[in-house]
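Below: the structure, in structure tokens.
The values are calculated or read from the model by the stated rules, or taken from the named source; none is laboratory data. Keep in mind it's a predicted model, so treat the numbers as computed, not measured. Every residue, glycine as well, gets a Cβ built from its backbone with ideal geometry; the counts of neighbours run over all protein chains shown.
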Amino acid sequence: MSGLLDYVPGNTFLHRLHPLSKLIFSFGLCLACFLTQNHWLVLGVIVCSLLQAALAGMLKPALAVLRALSKLSLLLFLAQVFFVRQGQIVLSLPLDIYITDQGLSFSCLFVLRLIAVTLPLFIMLSITRMSDLTNALTRLGLPYKYAFALTTAMRFIPLFGKEMSEIMEAQTARGVEFDSKNFCKKLKLILPLCLPLLLSSVRRIENSAIAAELRGFNVRKKDSGYKRYVLGRGDAAVLGALVLILAAVGLEHFYG
Amino acid sequence: MLRLAEVSFGLEGERIISKISFTLGQGEFAALLGENGAGKSTLCRLSMGLLKPAAGRVLVCGQDTAAVKTSAIARQAGFLFQNPDRQICRPSVAGEIMLGLELTVPDPAERERRCRETLALFSLDPEAHPFNLSRGERQLLALASVLAPGPRLLILDEPTTGLDYRECMTVMEIIARRNREGATVLMVSHDMEVASDFARRVLVLNRGELAGDGPVREIMRDQALLQRASLLPPQIPALALSLGGQFAAAFTIEEMAALAANSRRGRL
Ligand SMILES: Nc1ncnc2c1ncn2[C@@H]1O[C@H](COP(=O)(O)OP(=O)(O)OP(=O)(O)O)[C@@H](O)[C@H]1O
Ligand SMILES: [Mg+2]
């Protein structure tokens, strides 16, 4: 079973890139989304991410993420669109509720950005081994301890989700009504469960820390990793593409 | 009590349980055996309604698990998880035992009484924090809190794994007493000795299929079946079968001792 943020093994052109280029490229795409006010550019970033996913041979999971995000986006869109009061009214409903063109545009941009930011990060995490990412971050000068903590934390997120669902299952078996459809009721039941989740996580993290300590975690230095990463032509291409995208965003910003 | 009819279940395209049918009557004590990954825990979760079958039906006390909520089934059946840390969620031992009682026993005084009774039965310290208990003690606590509301059907996923011999016997005696009082038990175990000592019926699971189902004495002597399911028969039946002849029928230590004494007397 592979979780959402797990590494998906592969040997495509994208997989073989330098981990730093992957990192820079995905964060660059996110940056581009926030710099621009143009819907089309953000949409372009989404298309670019999907293209990337196709190249990495993981279009299917990427589309699944996109589908899930779309549902969330629809909710967010609805929550936003009624609250912008400036601009021309395009749709007027009873009870002083109306939708303006600015509201529409703002909510669209918001939702598109959300999707455009999530996809590159998702793809980057799927095509990069955590250890490679950690090594890349240490090469950048980040102390190994922090890089390790960061990447480990990311790996723990899906584990938390799994653990939570198991704990909820256990409570259901005890007769707690987690299978209730009532959202508020469910929330009230979930809150006390944070304790066992926290306890088992603390225990697990403590164990991981001891295990890491025993294996010489503390004697590790900046160049302890045996793996050498070389910047190839692929990296140049990807980083070039990123420069082009950012340039387009910049041009649009000043002249658009 | 528990009835499975042609139950199949799969995850991510993989068949985990295929076409399993059996019925446990009131008061039965069945052991569910099989190698790691055979699908025992999955079968238990299906029986409790935590998982819904892809095909076939599961009936707990006459209720179809696909039709009623799991929390409703939990009023009839108790489920012990393989990992006790999953189910412990209150900051004190007494609180943990109370959780199950609060949902099933409306009268506070009765609740108190049952809680004290359970604490005494398992000799647990009510004020202790579950986090500070040893793995075996946490296992005991989990079992105690499952038993406290007095469920009519007990589904136990490896109740004795991780316990020392004395604790194991304490736990099994408590379960056996519940069974004598009328509760139906379905117990997963990797300990063939425990299974053969306490269960009266054995279900053998092999790669998601029910490879064997019968009285404990028959199954434990079916070497071909046990071998197919990668199980080792308990020591005394194994010894009995390898000795053969007049000893072949022995199942317990007492029986073997009696047969051995007989044969010695015969030779004298
Ligand atoms: N959530 C899941 N996702 C994917 N596969 C699963 C999942 N849960 C169980 N499986 C698979 O189902 C099979 C049966 O698992 P199960 O936990 O029922 O085995 P088990 O007989 O209880 O083993 P054990 O003796 O180790 O407890 C295993 O091969 C396991 O890989
Ligand atoms: Mg199991």
Legend entry - The listed residue being within 15 Å of ligand 2 (Cβ to nearest atom) and either surrounded by fewer than 17 Cβ atoms within 10 Å (Cβ to Cβ) or over 11 Å from B:I155 (Cβ atoms) (or both), out of B:P84, B:P108: B:P84
Inset, instruction - For the range B:22-45, state whether one or more residues are within 12 Å of another protein chain (Cβ to nearest Cβ), within 8 Å of ligand 1 (Cβ to nearest atom), hydrophobic (A, V, I, L, M, F, W, C) and surrounded by fewer than 15 Cβ atoms within 10 Å (Cβ to Cβ). - result: no
Legend entry - Checking B:E35 against (1) outside any strand (DSSP E or B); (2) more than 16 Å from ligand 2 (Cβ to nearest atom); (3) in contact with a strand residue (DSSP E or B) (Cβ under 9 Å, 6 or more places away or on another chain), the condition it does not meet: (2)
Inset, instruction - Considering only the range B:149-172, state which residues are part of a loop (DSSP other than H, G, I, E, B), in contact with a strand residue (DSSP E or B) (Cβ under 6 Å, 6 or more places away or on another chain) and away from ligand 2 (no atom under 16 Å from the Cβ). - result: B:P151
Inset, instruction - With respect to A:P19, determine if the residue is surrounded by 15 or more Cβ atoms within 10 Å (Cβ to Cβ), touching an Asp or Glu at 6+ places or on another chain (Cβ under 6 Å) and in the same structural domain as A:G234 (by TED's automatic domain parsing). - result: yes
Inset, instruction - Search the range B:57-74 for residues that are over 18 Å from B:L186 (Cα atoms) and pair each with any residue that is small (G, A, S) when their beta-carbon atoms are under 6 Å apart and the residues are at least 6 apart or on different chains. - result: B:S71/A:G175
Inset, instruction - Please give the helices (runs of 4 or more DSSP H) falling wholly within the range B:173-249 in which 2 or more residues are over 26 Å from B:G39 (Cβ atoms), more than 16 Å from ligand 2 (Cβ to nearest atom) and out of contact with any strand residue (DSSP E or B) (no Cβ under 7 Å at 6 or more places or on another chain). - result: B:235-243
Inset, instruction - Taking only the range A:168-183 into account, find how many residues are modelled with pLDDT of 75 or more and more than 7 Å from chain B (Cβ to nearest Cβ). - result: 1
Inset, instruction - Read through the list (1) out of contact with any Gly (no Cβ under 8 Å at 6 or more places or on another chain); (2) buried (at least 19 other Cβ atoms within 10 Å of the Cβ); (3) on the phi > 0 side of the Ramachandran plot, then give the number of the only condition that A:G141 fails. - result: (2)
Inset, instruction - Consider only pairs whose beta carbons are under 7 Å apart and that are at least six residues apart or on different chains; among these, list those whose first residue lies in the range B:88-112 and is closer than 20 Å to A:E169 by Cβ and whose second residue is acidic (D, E). - result: B:I88/B:E96; B:R90/B:E96
Legend entry - Breaking point among (1) buried (at least 19 other Cβ atoms within 10 Å of the Cβ); (2) more than 16 Å from ligand 1 (Cβ to nearest atom), for B:P159: (2)
Inset, instruction - State all residues of the range B:1-13 that are surrounded by fewer than 20 Cβ atoms within 10 Å (Cβ to Cβ) and either in a loop (DSSP other than H, G, I, E, B) or away from ligand 2 (no atom under 16 Å from the Cβ) (or both); if no residue qualifies, say none. - result: B:R3, B:A5, B:E6, B:S8, B:G10, B:E12, B:G13
Inset, instruction - Working carefully through the options A:K162, A:K186, A:K145, find the one that is of a type in the set (D, E, K, R) and touching a Phe, Trp or Tyr at 6+ places or on another chain (Cβ under 7 Å). - result: A:K186
Inset, instruction - Would you mind telling me which numbered condition in (1) surrounded by fewer than 19 Cβ atoms within 10 Å (Cβ to Cβ); (2) within 11 Å of another protein chain (Cβ to nearest Cβ) A:L187 fails? - result: (2)
Inset, instruction - Find the residue count for the range B:197-222, including only residues that are more than 13 Å from ligand 1 (Cβ to nearest atom) and crowded, with 23+ Cβ neighbours inside 10 Å. - result: 4
